[in-house]
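First the structure, in the form of structure tokens, and then the observations on it.
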Amino acid sequence: MDPFESIKATFFQECEELLTDMESGLLAMEQGDDDSETINAVFRAVHSVKGGAGAFGLEELIRFAHVFETVLDEMRSGKLHLTDEVAKVLLRASDVLADHVAAARSGGSVDEGRTVGMIADLQALIDQDRAAELGLNDDGDPNAGEEDFGFVPVVLSLDEPTADAPEVDVAALMAAAAAEPAEAANPVAAPGWRITFRPKAEMYAKANEAALVLRELARLGEVEVALDADAVPPLDQLSAEQAYLTWTIRLSGDKSEAEVREVFEFVEDDCELEVTREGETAAADVATPADDDASASAVEAAAAAPLDLDALLARVAGSAEEPAPPAAPEPVAAAPAAPPAPPAQAPANLDVVGLIALAEKASQDHAQTQAVAPKVEQKAEPKAEARASAGAPTAATPTIRVDLDRVDRLINAVGELVIQQAMLSQRVFESGLARSSDVALGLEDLELLTREIQDSVMAIRAQPVKSVFQRMPRLVREVADMVGKKVRLVMDGENTEVDKTVIERLSDPITHMLRNAIDHGLETPEEREAGGKAAEGTVRLAALHRGGRIVIEVQDDGRGINRPRVRGIAVSKGLIAEDAVLSDDEIDNLIFLPGFSTADVVSDISGRGVGMDVVKRSIQALGGRISITSEPGKGSKFSMSLPLTLAVLDGMVVSAADQTLVAPLSNIVESLTPRAEDVHLIGGRDAVICIRDTFVPLIDVGVALGFRDTPLPPASGVAVLVESEGGGKAALLVEAIQGQRQVVIKSLEANYQHIHGVAAATILGDGRVALILDVDALVTTSRRKAPRIEKRMAV
Amino acid sequence: MTDTVTQGVAQRRELIAFRIGDQEFCVDIMSVREIRGWAPATPLPRTPSFVKGVINLRGAVLPIIDLGARLGLSTSEPTARHVIMVVHIGERTIGLLVDAVSDIINMSDDLVQPTPDVASDQVKTFVKGLFALDGRMVSLIALDRVLPETEAEAA
């Protein structure tokens with residue numbers, strides 16, 4: 001592949017992940033999560049998409065992403081507040097963004113009208129919030145904490161008060177510890193910014209240049225740049241690939257923080273950046289007479305964060321009656337509460353503790369500052385916890401991206417290993433070696449090991465169903481819009497794991513069932529309200545493991561199945577006899593019959609008469625089952641259960657007509673030795689067997705597969721009672737049952753073609769190929785008495 | 001002169017010759033993946049008689065076509081002396097059961113003669129052409145027609 005193309009492909013792969021992150025973040029926000037981490041995560045995702053798109057010149061995508069990003073940035077800086085309405089707009093915007101990415105990927109185009117409409121909606125949010133900003137924003141929204149805040153490693157040289165940097169850093173620390181953004185606390189715009197910009201080595205590695213950033217910054221207003229080169233080691237220790245320099249920039253002018261940050265847009269992930277509003281109105285009144293230099297700088301630090309103090313003092317005043325907690329021990333307690341920090345961060349933590357202690361010392365003769373110290377500490381602790389808990393999921397084990405082909409090759413090879421190992425064991429056993437011999441014991445260990453390898457390899461392919469589930473919120477939104485219903489989608493068990501091959505095929509049935517639930521299951525808002533329900537319907541999509549299978553449930557709280565109507569339709573379409581006596585369950589299951597559709601209006605979404613029967617068939621093709629339970633007025637629940645993997649199967653190894661065959665265990669009900677008097681002939685050839693007073697067809701497997709012409713005398717074989725997915729029962733007559741075994745499924749179609757009655761093939765311990773029976777086909781063939789299939793001869 | 005040489009080189013190819021009964025056939029060496037001894041195959045139900053069944057080729061299920069039966073020649077039950085030529089046909093890999101592999105032939109396309117009209121339909125379907133080699137007649141097999149037609153292809 002063209003290297004550029006391959007980079008582009010990687011970009012789109014990343015986009016998928018980013019869009020997923022974005023959507024899950026937005027969904028969390030829709031649920032009212034206005035944590036700054038969440039908003040930041042969404043912002044970063046959109047930002048990265050935009051950044052990548054820039055590299056490939058995807059103009060449309062950039063244009064949209066930019067507007068989207070601007071809105072998110074407003075939220076990030078706390079100017080725009082999260083409301084239900086905002087979340088909805090953002091979610092729709094995320095859909096449009098996904099469309100843009102898809103269009104860019106396929107080279108197609110996006111519905112221009114929708115994009116323009118969406119941009120207008122987003123713009124409206126910005127304008128609305130700009131308008132709000134002009135009014136008084138006095139509730140001090142604490143959401144604006146920047147991600148880079150927190151305990152950032154800064155050089156804090158208290159005994160070197162000459163430079164400006166320590167003061168700024170201390171201020172930043174205070175601000176970080178208090179997690180109290182300056183601007184939120186101070187509605188009056190300050191005339192300047194202090195920016196501490198410390199590039200990391202990664203920034204240079206990505207060919208970014210600090211000088212360009214600074215030059216860009218200079219365009220915003222008058223700047224004073226101070227370089228802190230203290231960290232530069234002696235020349236012999238200097239590593240050319242490391243970053244040592246820190247700049248402190250004082251920027252005058254009344255630019256917004258967003259504008260300042262925009263300059264650092266492309267490097268912000270690779271640098272430590274602090275943007276602090278510089279208060280001209282330094283709260284000098286807070287500063288106290290100092291005993292020594294150290295405490296002076298600490299108090300100076302407190303003074304440099306006067307905005308925090310104002311807010312804090314206001315709060316403290318509220319609880320003035322309470323005695324101030326003993327400050328000295330608690331700051332120490334705050335440090336251990338901090339998350340295990342990377343080495344670089346450790347000094348910063350220590351500095352905070354030291355700083356607070358100093359502040360405490362200095363404030364002994366000043367009640368106001370004393371009040372500050374415990375407050376700072378109190379705020380620091382929850383922040384530390386928040387970081388610790390936020391750190392847990394992000395500290396997820398590192399992953400690698402691997403081509404699926406490679407994994408499949410590995411799985412095949414391991415399958416071979418298992419077979420080869422089984423063959424070896426068998427040969428050793430046949431050669432007459434004692435079970436207790438060293439060779440046999442070694443082989444046993446080998447067997448355990450191979451099993452373990454097989455399990456681990458299968459686990460590689462196991463993936464959470466999340467990848468399918470995450471597409472559903474959008475689908476639900478769109479379908480709900482289309483049919484004019486209000487729907488809330490609740491998803492459970494997204495992390496349930498299932499084999500990749502199964503996951504890929506889950507999407508269609510789930511899509512169909514969800515559409516069905518919204519279109520047919522839920523009532524319109526008016527109907528719901530009339531029925532005493534919330535106007536918003538709930539659809540629950542859940543995945544869980546049950547009995548070695550994965551169960552997917554789609555449940556709605558709608559009207560439930562209208563049984564008389566279903567029955568009426570089934571009769572009118574000739575699917576059942578008019579006088580048929582059916583249980584409620586049976587009526588419910590009529591909807592799975594081919595050609596059944598209950599929608600009054602054949603809509604775009606469902607109801608083309610290819611409804612549930614298609615779903616049922618596609619699920620059966622995966623070796624799955626689907627069922628429905630319904631309660632009138634309360635809703636319906638579809639459950640489908642699928643095998644966890646399509647690569648292995650639990651089977652019963654049987655022999656018929658000298659052939660070894662495997663019957664899927666999931667089909668088998670029981671096995672029994674037929675008595676001659678229980679077997680009856682119907683007509684010339686067809687036999688039925690009476691099992692506990694029920695007659696079921698007796699199918700001679702050897703004859704059904706054409707391996708021999710004359711049926712086996714029933715009494716000399718074993719009958720295996722099977723149930724097909726369609727619910728039909730039959731007894732398969734075989735010569736003997738050899739045992740039960742997990743077998744690796746091998747496709748026959750890959751090199752040959754499908755054979756009726758054979759589902760697939762597998763390789764047994766002796767290295768021979770054995771065929772896996774297609775029980776459904778055998779049962780239906782016997783039932784329908786299909787004409788003998790002609791042998792196809794080419795030519 | 002140069003042209004002729006280039007042309008000649010471009011059209012040269014290597015073929016693997018094998019015997020079925022007393023007749024000699026060949027296929028392009030590039031389509032042959034390996035040659036192995038006969039091992040008992042697992043019969044497949046409802047298949048034409050020339051499909052001997054499937055064997056395990058290092059984990060892949062490999063259908064075995066009795067090429068003699070496919071060509072309408074008289075065949076006997078395979079023994080350990082028979083060989084299976086594993087060949088690629090498009091996306092598929094199949095085994096061809098033949099009596100023995102006899103030779104590797106290096107020849108050019110222009111020596112191949114079209115199959116004469118005398119041949120039966122069945123032979124004409126599978127034989128792309130003939131050529132003479134040291135007084136022997138060798139038939140070039142059209143591999144893509146060896147597999148039984150699938151339903152999709154027939155439709």
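The values are calculated or read from the model by the stated rules, or taken from the named source; none is laboratory data. Keep in mind that this is a model prediction, so the values were computed, not measured. Counting neighbours? That spans all protein chains shown, and the Cβs are built from the backbone with ideal geometry, glycine included. Heads up: the accessible areas ignore ligands, DNA and RNA and are worked out on the full protein's heavy atoms, side chains in. Shrake-Rupley method; radii C 1.70, N 1.55, O 1.52, S 1.80 Å.
Here are the numbers:
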{"read-out": "Delta accessible area of at least 50 Å² on complex formation, residues of region B:19-64, 1.4 Å probe, chain isolated as reference", "value": "B:Thr42, B:Pro43, B:Leu44, B:Pro45, B:Arg46, B:Asn56, B:Gly59, B:Val61"}
{"read-out": "Nonlocal amide H pairs with A:Cys271, under 5 Å, H built at 1.01 Å", "value": "A:Lys200"}
{"read-out": "A:Arg708 - accessible surface, heavy atoms, 1.4 Å probe, Å² rounded to 10", "value": "50"}
{"read-out": "R0 of 51 Å, Cβ-Cβ distance A:Glu749-A:Arg488: FRET efficiency to nearest 0.05", "value": "0.75"}
{"read-out": "Distance violations [Cα-Cα > 26 Å] among A:Lys485/A:Lys573; A:Lys8/A:Lys88; A:Lys485/A:Lys637; A:Lys50/A:Lys206; A:Lys206/A:Lys466; A:Lys88/A:Lys466", "value": "A:Lys485/A:Lys573; A:Lys8/A:Lys88; A:Lys206/A:Lys466"}
{"read-out": "Accessible area buried between chains B and A, both sides summed, probe 1.4 Å, in Å² to nearest 100", "value": "2700"}
{"read-out": "Amide proton proximity set for A:Asp228, modelled H, under 5 Å, gap of 5+", "value": "A:Thr246, A:Trp247, A:Thr248"}
{"read-out": "Inter-site label distance for A:Ile682 and A:Glu452 at 7 Å from Cα along Cβ, in nm", "value": "5.4"}
{"read-out": "Helix axis angle, B:2-11 relative to chain B longest principal axis, alpha carbon, degrees", "value": "10"}
{"read-out": "Efficiency of FRET between A:Glu430 and B:Arg36 - r from beta-carbon atoms, R0 25 angstrom, step 0.05", "value": "0.65"}
{"read-out": "Unit charges on C-beta of K, R, D, E only; dipole of chain B, Debye", "value": "500"}
{"read-out": "Accessible area in the full protein assembly, largest first, 1.4 Å probe, for A:His512, A:His47, A:His754", "value": "A:His754, A:His512, A:His47"}
{"read-out": "GluC sites (Glu not before Pro) restricted to region A:537-590 and DSSP loop, no more than 10 other C-beta within 10 Å", "value": "A:Glu578"}
{"read-out": "Neighbourhood net charge (15 Å Cβ-Cβ; Lys/Arg +1, Asp/Glu -1) for A:Ile419", "value": "+3"}
{"read-out": "Threshold 40 Å², region B:88-125 residues less accessible with all protein chains present than alone (1.4 Å probe)", "value": "B:Arg92"}
{"read-out": "Stretchable slack from A:Ala440 to A:Asp508, in nm (0.36 nm times residue separation minus alpha-carbon distance)", "value": "19.6 nm"}
{"read-out": "Efficiency of FRET between A:Val581 and A:Arg546 - r from beta-carbon atoms, R0 22 angstrom, step 0.05", "value": "0.10"}
{"read-out": "Solvent-accessible surface (1.4 angstrom probe) belonging to A:Ser583, in square angstrom, nearest 10", "value": "60"}
{"read-out": "Simple label model, 7 Å out from Cα along Cβ direction - A:Asp127 to A:Glu59, nm", "value": "2.5"}
{"read-out": "Net charge, A:Val701 excluded, C-beta distance under 15 Å - Lys, Arg +1, Asp, Glu -1", "value": "-4"}
{"read-out": "Heavy-atom SASA rank of A:Asp230, A:Asp127 (probe 1.4 Å, accessible area, largest first)", "value": "A:Asp230, A:Asp127"}
{"read-out": "GluC sites (Glu not before Pro) within region A:217-253: DSSP coil, no more than 13 neighbouring Cβ in 10 Å", "value": "A:Glu222, A:Glu241"}
{"read-out": "Cα→Cβ-extended label distance, 7 Å offset, between A:Leu235 and B:Arg19, nm", "value": "8.4"}
{"read-out": "Sparse-neighbour loop sites [trypsin sites (Lys or Arg not before Pro); region A:394-434; at most 10 other C-beta within 10 Å; DSSP]", "value": "A:Arg401"}
{"read-out": "Accessible-area value, B:Ile16, 1.4 Å probe, nucleic acids and ligands omitted, Å²", "value": "10"}
{"read-out": "Inter-part distance where region A:39-96 and region A:474-516 are each reduced to a Cα centre, Å", "value": "24"}
{"read-out": "Accessible area in the full protein assembly, largest first, 1.4 Å probe, for A:Tyr244, A:Tyr752", "value": "A:Tyr244, A:Tyr752"}
{"read-out": "Region A:57-71 residues near the modelled A:Ser106 label - backbone nitrogen below 19 Å, point 7 Å along Cα→Cβ", "value": "A:58-62"}
